[in-house]
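A short write-up of the structure that comes next.
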Amino acid sequence: MIRAFFADGLLNPVTGETVGEAVVLVENGRVTASGRRALIAVPADADRVDASGLMVLPGLIDCHVHLTSLGDGLDFTRTLTTPPTFELMSAVQSARRTLDAGFTTVRDAAGSPAGIRMAIEAGYFPGPRMYVTISALSQTGGHTDLHFMCGADLDIPLPDRPHWVVDGVEPMRLRVRELIRAGADWIKLCTSGGVLSPGDQPHHAALTLDEIKAAVGEAAAQGRKVMAHAQANAGIKNALRGGVATIEHGIWLDGDAIEMMLDGGNVLVPTLVAPQWVIRHSEAGKMPAFAADKARAVIVDHSTSIRQAIEAGVKIAFGTDSGVGPHGTNGEEFLLMHALGMEPIDCIRSATTVAAATIGMPGVGQLKEGSWADLIGVPGDPLADLTLVARPENIHLVVKGGEVVKSRA
Ligand SMILES: [Zn+2]
């Protein structure tokens, strides 16, 4: 059956152009034609969907989320009293909220095992298309090591979530192989400390260059790329020298790092909204002091770093670290990117064409013939008003694979 979506406008992020009076034709979940209504023949028996009053554009992509993290603060007592299955089930709600905010594709930057992606694909619950990293690999005492000074160890691997603490070149090779065996689409490394980890510092590098190269080599051998949680300047440079594809957070870029990214075609995923949420949670009494102090210490440098990257023309893909903040608020990142100098069309591209090319998932990020029919409808032109894609209440229509998954009259 052919389905036809009639909208007042269509935004094509490839060209940056909008047309009025548009139609998107869909068959078997894929786009067969899209554009100006006058130029497209709609079969008489097509199932017609009225999206009048809305401008449609491709479904949005968030390159950095954690669907199994609630996003309402950090509480170690709660961690201790939460069964792994309960944590896992929270992804059902997170997936729905992400979809409702217009994000039809995500790359999960650790936490979600492949089973979550598979369950969404099987239709067990609604959610975005996913690429998963499963576990974020860190050195002993690094960003994801949950072995505390008191001796308590919360580094509890699950059968489908290989252990994330790893030291040395050969163990790194083995761990990457285990992650790929468990279904990882991407590999994630922590090449610096971070904000939410009690035992390290964002400005310190982590993992050796040899460990990073080993991970990148093993990943590449099986067609995977590597993303690096990289905040420290040295951690960013090690990651780039080691061959990672995307730099996450990028708090302390400098001229040399920016040069390296431009030369290597690397992509920056800023997650500007993440430290904002750490501070908001802290003000609501839901964040330990160590994390709030670190977020406050990095937030200005983070903005400065990302502004420099934008000015220099570094490729920037949309990512929020949702799971630090609440799922479904992803769009706020657009406003922060824009405030640092990104044009509205580049903000939209960061979450469509650029994000699709970055994560390497075919058929998403645009509405050309053969693409997945993932689209959203907003009441106006987001190039004139980015809040139309920034606030979930402005996302009036969400379509995934040709099926309407959210519709607000
Ligand atoms: Zn993250």
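The values are calculated or read from the model by the stated rules, or taken from the named source; none is laboratory data. Nothing here was measured: the structure is a model prediction, and the numbers come from that model. Virtual Cβ from ideal backbone geometry, glycine too; neighbours counted across all protein chains shown.
A few remarks follow.
- Filtering region 369-401 to residues that are under 19 Å from GLU333 (Cα atoms), touching a strand residue (DSSP E or B) at 6+ places or on another chain (Cβ under 8 Å) and among the charged types (D, E, K, R) leaves only ASP381.
- Scope region 126-141; condition more than 19 Å from ALA95 (Cα to Cα) and part of a strand (DSSP E or B); matching residues: ALA136, LEU137, SER138
- Conditions (1) within 16 Å of the ligand (Cβ to nearest atom); (2) assigned to a helix (DSSP H, G or I): number failed by MET118: (1)
- Residues that are among the hydrophobic types (A, V, I, L, M, F, W, C), part of a loop (DSSP other than H, G, I, E, B) and modelled with pLDDT of 95 or more do not occur anywhere in region 142-150.
- Filtered residues of region 17-43 (kept if part of a helix (DSSP H, G or I) and surrounded by 15 or more Cβ atoms within 10 Å (Cβ to Cβ)): ARG37
- Considering region 61-81, the residues that are touching a Ser or Thr at 6+ places or on another chain (Cβ under 9 Å) and of a type in the set (Ser, Thr, Tyr) include one that is nearest to the ligand (Cβ to nearest atom), namely SER69.
- LEU99 vs. criteria more than 19 Å from ILE359 (Cβ to Cβ), of a type in the set (A, V, I, L, M) and in a helix (DSSP H, G or I): no
- Cross-chain or 6+ apart pairs with Cβ under 6 Å, region 44-70 first and surrounded by 23 or more Cβ atoms within 10 Å (Cβ to Cβ), then polar (S, T, N, Q) and assigned to a strand (DSSP E or B): GLY59/THR104; ILE61/THR105; VAL65/SER322
- Residues that are part of a loop (DSSP other than H, G, I, E, B) and closer than 10 Å to VAL314 by Cα were ranked within region 258-279; the one that is nearest to the ligand (Cβ to nearest atom) is ASN266.
- Of the candidates ALA317, ALA351, the single residue that is within 16 Å of the ligand (Cβ to nearest atom), buried (at least 20 other Cβ atoms within 10 Å of the Cβ) and hydrophobic (A, V, I, L, M, F, W, C) is ALA317.
- Residue that is nearest to ALA351 (Cα to Cα), among those in region 274-332 that are among the charged types (D, E, K, R) and touching a strand residue (DSSP E or B) at 6+ places or on another chain (Cβ under 7 Å): LYS315
- The test for being of a type in the set (Val, Ile, Thr) and within 26 Å of PRO275 (Cα to Cα) does not hold for THR32.
- Any pair with Cβ under 9 angstrom, 6 or more apart, that starts in region 340-363 at a residue that is over 23 Å from THR387 (Cβ atoms) and ends at one that is of a type in the set (S, T, N, Q) and not in a helix (DSSP H, G or I): ALA356/THR105; ALA356/GLN366; THR358/THR246; ILE359/THR105; ILE359/THR246; MET361/THR105; PRO362/SER371; GLY363/SER371
- The residues of region 82-104 that are away from the ligand (no atom under 16 Å from the Cβ) and aliphatic (A, V, I, L, M), listed by number, are LEU88, MET89, VAL92, ALA95, LEU99, ALA101.
- Positions within region 236-257 being under 21 Å from the mean Cα position of the chain (by Cα), in a helix (DSSP H, G or I) and either surrounded by fewer than 24 Cβ atoms within 10 Å (Cβ to Cβ) or at pLDDT below 95 (or both), in sequence order: LEU240
- Given (1) more than 16 Å from the ligand (Cβ to nearest atom); (2) surrounded by 22 or more Cβ atoms within 10 Å (Cβ to Cβ), number of the condition ILE310 does not satisfy: (2)
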